[in-house]
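The next block holds one structure in the form of C-alpha cells; read it before the comments.
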Amino acid sequence: MARKPARPGGRSINQHVRRKQKLKPSSRRWIERQLNDPYVQRAKREGMRSRAAYKLSEIDDKHAILTRGARVIDLGAAPGGWCQVAVERTGSTPEEPLVAAIDYLGMDPVPGVTVLEMDFLDDDAPGRLIEALGGAPDVVLSDMAAPTVGHRQTDHMRTMHLVEVAAEFAIEVLEPGGHFLAKTFQGGTEKALLDRLKNHFAKVIHVKPDASRAESVELYLLAKGFKGRG
Ligand SMILES: C[S@@+](CC[C@H](N)C(=O)[O-])C[C@H]1O[C@@H](n2cnc3c(N)ncnc32)[C@H](O)[C@@H]1O
C-alpha cells in the first residue's frame, strides 16, 4: 500500500511506532499520540516551545487576561510555551521585560522574559520573582505539575499543593484588577481554596481549552478581577 506523503513542515497523520523497537506499551502509546497530535505538529510549524502554548492562547482569546503592557509571572514555565504567548500578548521586550518566569528545570532564554531557575516552593522564590519583575504582577499564571510517581492520589495531592501555594502567592502579590490562572484537576480543587478565591476575585471559574486533551483530567482554574487584600 502506498504511504501517505508527509505534510509540508509536519509529519503525516496516523503514524505508528514500528513494533521492532523494544518499547513499553505505555511509551509506545505516548510516542504515537505525540506524533499524531495536531497541536504538537502546529507547535513545531509555528516555532512554539510546547503544545501547552495553545491552551493559554485559547483561554486568553476567550477570557482576555493578557493585555498589552500587563506584567506577568509564569510559574512552572519550562520549556517556555506560555512565556512565548505572554511576551507576544503583553508586548514584553528584552529592554523592558514584562514577564518573569520560574522553573527548577533549565530552559532556553525567551527574549522579553526574566527566567529564574529555582523551585517555586523555596522560601525566597516569591521575593525573587517580584524582584525579577520589578514590581507587582497583573497576572499570575501557573502551569506547574508535580512529577508523577504513578500513584494517582499522591500525584493528585502534590499538584493540588502547588495550586494552593500558587493561589496564596497570587493573593499576596497581585495588583487590584489582576488575574490568576492555574492548572488543576477535575474534581481536584478543594472547596476551601475555591471559597478563598471567590472572596478575593470578582469571578472564579474552571476552564477546559480544546488544546487540553479530552481524556486528560487536567482543567484550569481561572480567577478574574482581584479585589485587593484590604
Ligand atoms: C506542564 S509543564 C509547563 C509547560 C509550560 N507552560 C509551557 O508552555 O512550556 C510544568 C512545569 O512545572 C514545573 N514545576 C513543577 N513543580 C515546580 C516547582 N515546585 N517549582 C518550579 N517549577 C515547577 C516542571 O518542572 C515543568 O517544567
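Every number in this text was worked out from the coordinates using simple rules, so none of it is lab data. From a predicted model like this one, the values you see are computed outputs, not experimental measurements. Positions of Cβ are generated from backbone atoms using ideal geometry, with glycine treated the same way; all protein chains shown enter the neighbour counts.
Which cross-chain or sequence-distant (5 or more) residues have an amide H under 5 Å from the amide H of ALA146, H modelled 1.01 Å from N in plane?
Counting only residues 5 or more places away or on other chains, the set is THR159.
Restricting to the chain, what percent of DSSP beta bridges are antiparallel, rounded to 5?
In the chain, DSSP labels about 40 percent of beta bridges as antiparallel.
Please label the shape of the chain as rounded, prolate or oblate, based on the square roots a ≥ b ≥ c of the eigenvalues of the alpha-carbon gyration tensor (a/c under 1.5 means rounded; beyond that, a/b larger than b/c means prolate, else oblate).
The shape class here is prolate.
Looking only at ILE31, ILE205, ILE73, which one moves most when the chain is put into a Gaussian network model with springs between Cα atoms under 10 Å?
In this elastic network of the chain, the residue with the biggest mean-square fluctuation among ILE31, ILE205, ILE73 is ILE31.
LYS191: which lysines have alpha carbons under 30 Å from its alpha carbon, excluding same-chain residues fewer than 8 sequence positions away?
Output for LYS191: LYS55, LYS62, LYS183, LYS203, LYS208, LYS224, LYS227.
Read phi for every residue in segment 83-94 and hand back ³J(HN,Hα) as whole Hz from Karplus 6.51 cos²θ - 1.76 cosθ + 1.60, θ = phi - 60°, with x for Gly and Pro.
Karplus-based 3J(HN,Hα) across segment 83-94 equals 4, 4, 5, 4, 4, 4, 7, 8, x, 5, 10, x Hz.
Would you calculate, for the chain, the mean residue ellipticity at 222 nm contributed by helices, counting each DSSP H stretch of 4 or more residues as -39,500 (n - 2.57) and dividing by all residues, to the nearest 500?
So the calculated ellipticity at 222 nm is -11000 deg cm²/dmol.
Quick query: amide H of THR114 versus all other amide H atoms, modeled in the peptide plane; which residues come in under 5 Å with a sequence gap of 5 or more or a different chain?
VAL99, ALA100, ALA101
Compute the separation of the alpha-carbon centres of segment 83-101 and segment 159-230 and state it in Å as a whole number.
Each part reduced to its Cα centre gives a spacing of 22 Å.
Rank these for me by crowding, ARG42, ARG29, going from fewest to most other beta carbons within 10 Å.
Exposure proxy ranking, most exposed first: ARG29, ARG42.
What list of ³J(HN,Hα) values in whole Hz, one per residue of segment 176-193 in order, does the Karplus curve 6.51 cos²θ - 1.76 cosθ + 1.60 (θ = phi - 60°) give from phi, with Gly and Pro shown as x?
x, x, x, 10, 10, 10, 9, 6, 9, 10, 4, x, x, 6, 5, 4, 4, 5
Which value, in debye to the nearest 20, gives the size of the charge dipole of the chain about its Cα centre, when Lys and Arg are +1 and Asp and Glu are -1 at the Cβ?
That gives a dipole near 1900 debye.
What order do you get for MET118, MET48 when you list them from fewest to most C-beta neighbours inside 10 Å?
MET118, MET48
Quick query: amide H of PHE201 versus all other amide H atoms, modeled in the peptide plane; which residues come in under 5 Å with a sequence gap of 5 or more or a different chain?
Sorted by chain and number, the residues that satisfy this are LYS227.
For the charge dipole of the chain, defined by +1 on Lys and Arg C-beta atoms and -1 on Asp and Glu C-beta atoms about the Cα centroid, which residue among PRO109, TRP30, VAL217 has the Cα displaced farthest towards the positive pole?
Looking along the dipole axis, the top candidate is TRP30.
Step through the residues of segment 65-81 one at a time and calculate ³J(HN,Hα) from phi using the Karplus curve (6.51 cos²θ - 1.76 cosθ + 1.60, θ = phi - 60°), rounding each to whole Hz and writing x for Gly and Pro.
Taking θ as phi minus 60°, the curve returns 9, 9, 9, 4, x, 5, 9, 10, 10, 10, 9, x, 8, 5, x, x, x Hz for segment 65-81.
Given ILE171, VAL149, GLY91, which one lies farthest toward the positive end of the charge dipole of the chain, if we put +1 on the Cβ of every Lys and Arg and -1 on the Cβ of every Asp and Glu?
Farthest towards the positive pole: VAL149.
Taking the chain as a Gaussian network, Cα atoms linked when under 10 Å apart, which of ASP122, ASP103, ASP210 shows the biggest mean-square fluctuation?
ASP122
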